[in-house]
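For reference, the structure discussed in these notes is given below.
The values are calculated or read from the model by the stated rules, or taken from the named source; none is laboratory data. Everything numeric in this text was worked out from a predicted model, so none of it was measured. With ideal geometry, Cβ positions are generated from the backbone for all residues, glycine too; neighbour counts draw on all protein chains shown.
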Amino acid sequence: MVSEEIVRLSLPYSEKENKTVRVYVPAHENGETFPVIYMADGQNLFEDDTVQFGCWYTREAVRDEQKNGNGGAIIVAIHNDGNPLQRTNELTPAGMGTINYPPDFPEEQKKFMSADGEIFDDFVINTVMPTVEKQFPVKTGRKNTAFCGSSSGGLMSLFTALSHPEKYCAAGVFSPVPLEMIYVSEEAHNWLRSKMTDNMPYLYMYCGGTGEQEKMMCFFMEQTYSFMKEFYPADKLKKVVKPEEEHHEKAWSAVFRDFLHMFVSERNEL
């Protein structure tokens with residue numbers, strides 16, 4: 001029996017910096033392999049001293065799936081190593097549309113805004129995934145791979161999964177930053193339509209409803225969901241709303257358990 005472990009990696013993100021990536025491997029038998037979930041905001045996924053705002057308790061969720069006989073999953077926790085603005089920049093893709101700044105948004109502040117989501121996406125696809133598949137006991141291929149994130153990470157999860165439907169069978173899109181608020185709506189909607197293929201990933205779209213921030217997220221997520229229902233496969237689009245929950249890791253921790261269970265038990269049908 002091989003004990004569970006968390007392995008910390010430092011991988012090249014740009015010419016000037018590396019990014020922290022931690023990989024949780026559950027306890028397993030020799031030769032056993034697992035499906036894998038790549039996740040944004042890795043600093044908040046495990047209960048330890050890296051947690052900034054709250055913890056997702058992903059290890060505990062995986063352990064419980066194993067105890068219940070459903071199998072486990074490897075969790076790849078991709079850290080944000082900078083400040084909140086840097087996090088927003090790296091998890092906001094430019095290609096989804098023109099950034100829709102409010103009319104009164106200061107020109108000076110625009111200098112600090114940079115939609116660098118494609119850089120993050122390239123890092124995941126071309127650096128993180130090959131490293132993980134080479135060094136850890138993962139099941140490779142689309143049906144064994146998912147992406148998950150919340151808030152700006154939820155937006156990034158949607159972008160990454162729809163940009164690479166050949167690599168991901170599912171995406172957890174939790175309390176996503178609103179497309180209709182960040183981008184020119186028509187452009188963002190056109191981007192969504194343009195990504196349709198014959199085999200789209202399963203989208204688990206969640207939001208809460210308590211607190212002004214989460215109420216706003218939920219309002220716009222409902223709009224995005226309603227729009228996507230017009231053309232996205234109905235059996236691959238799920239909406240979960242918990243009106244009593246706030247915009248917080250505690251809520252995402254609870255709903256992640258449902259997403260994880262779906263992924264490990266149903267991924268072969270996705």
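Worth a mention:
- Members of region 102-123 found to be in a loop (DSSP other than H, G, I, E, B) and either within 26 Å of the chain's Cα centre (by Cα) or among the basic types (Lys, Arg) (or both), listed by number: Lys111, Phe112, Met113, Ser114, Ala115, Asp116
- Any hit, region 87-101, residues being under 15 Å from the mean Cα position of the chain (by Cα), outside any helix (DSSP H, G or I), within 20 Å of Glu266 (Cα to Cα) and not hydroxyl-bearing (Ser, Thr, Tyr): no
- For the criterion of being surrounded by fewer than 18 Cβ atoms within 10 Å (Cβ to Cβ), farther than 24 Å from Arg257 by Cβ, out of contact with any helix residue (DSSP H, G or I) (no Cβ under 8 Å at 6 or more places or on another chain) and among the aromatic types (Phe, Trp, Tyr), Phe227 fails.
- Exclusive hit being among the acidic types (Asp, Glu) and modelled with pLDDT under 95, set Asp49, Asp64: Asp49
- If only residues of region 146-166 that are out of contact with any strand residue (DSSP E or B) (no Cβ under 6 Å at 6 or more places or on another chain) and of a type in the set (S, T, N, Q) are counted, the one that is surrounded by the fewest Cβ atoms within 10 Å (Cβ to Cβ) is Ser163.
- Scanning region 7-47 for residues that are in a strand (DSSP E or B), within 22 Å of His261 (Cβ to Cβ) and touching a residue at least 60 places away in the same chain (Cβ under 8 Å) gives Val23, Val25, His28, Phe34, Val36, Ile37, Tyr38, Met39.
- Residue check, Gly54 in contact (Cβ under 8 Å) with a residue 12 or more places away in the chain and either surrounded by 13 or more Cβ atoms within 10 Å (Cβ to Cβ) or part of a loop (DSSP other than H, G, I, E, B) (or both): yes
- Candidate set from region 60-77 (those that are part of a helix (DSSP H, G or I) and not acidic (Asp, Glu)); member that is farthest from Gly149 (Cα to Cα): Lys67
- Restricting attention to region 167-210 and to residues that are more than 14 Å from the chain's Cα centre (by Cα), small (Gly, Ala, Ser) and not in a helix (DSSP H, G or I), the residue that is surrounded by the fewest Cβ atoms within 10 Å (Cβ to Cβ) turns out to be Gly209.
- Whenever a residue of region 101-119 is more than 13 Å from Arg87 (Cα to Cα) and without any contact (Cβ under 8 Å) to a residue 60 or more places away in the chain, its partners that are β-branched (Val, Ile, Thr) and surrounded by 10 or more Cβ atoms within 10 Å (Cβ to Cβ), lying with C-beta atoms within less than 9 angstrom and at least six residues away or across chains, give the pairs Lys110/Ile99.
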